[in-house]
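Notes follow the structure.
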Amino acid sequence: MIIKSNRKVTCPNCGEFADFSPSNPFRPFCCERCKLIDLGLWASEQYAIPVHMQINELDEENFND
Ligand SMILES: [Zn+2]
């Protein structure tokens, strides 16, 4: 009888195999970084960058005219 104590799960963030066991405090994620990303703590600054529409290009054309 074989007891699979080291179950492998797919990390919800990066898709890598993660160790789904009590020894992995970040399960079902593969690492702390992936867990933080999923919680929005890691990438919050990156996604917080506002996207500026390049609407000023039209004004520049008017200036050159
Ligand atoms: Zn991961």
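Can you list residues from other chains, or at least 5 along the same chain, whose modelled amide H is less than 5 Å from the amide H of A18?
HN-HN under 5 Å from A18: V9, T10, C11.
If you stretched the chain out fully between S23 and T10, how much longer would it get, using 0.36 nm times the residue separation minus the C-alpha to C-alpha distance?
3.1 nm
Beta carbons within 10 angstrom, averaged per residue: use that to sort the peptides 8-15, 26-33, highest first.
Ranking the peptides 8-15, 26-33 by packing returns 26-33, 8-15.
Laboratory data are not the source of any read-out in this text; all were calculated from the coordinates shown. Computed from a predicted structure; not experimentally measured. For neighbour counting, all protein chains shown are included, and Cβ atoms are generated from backbone atoms with ideal geometry for every residue, glycine included.
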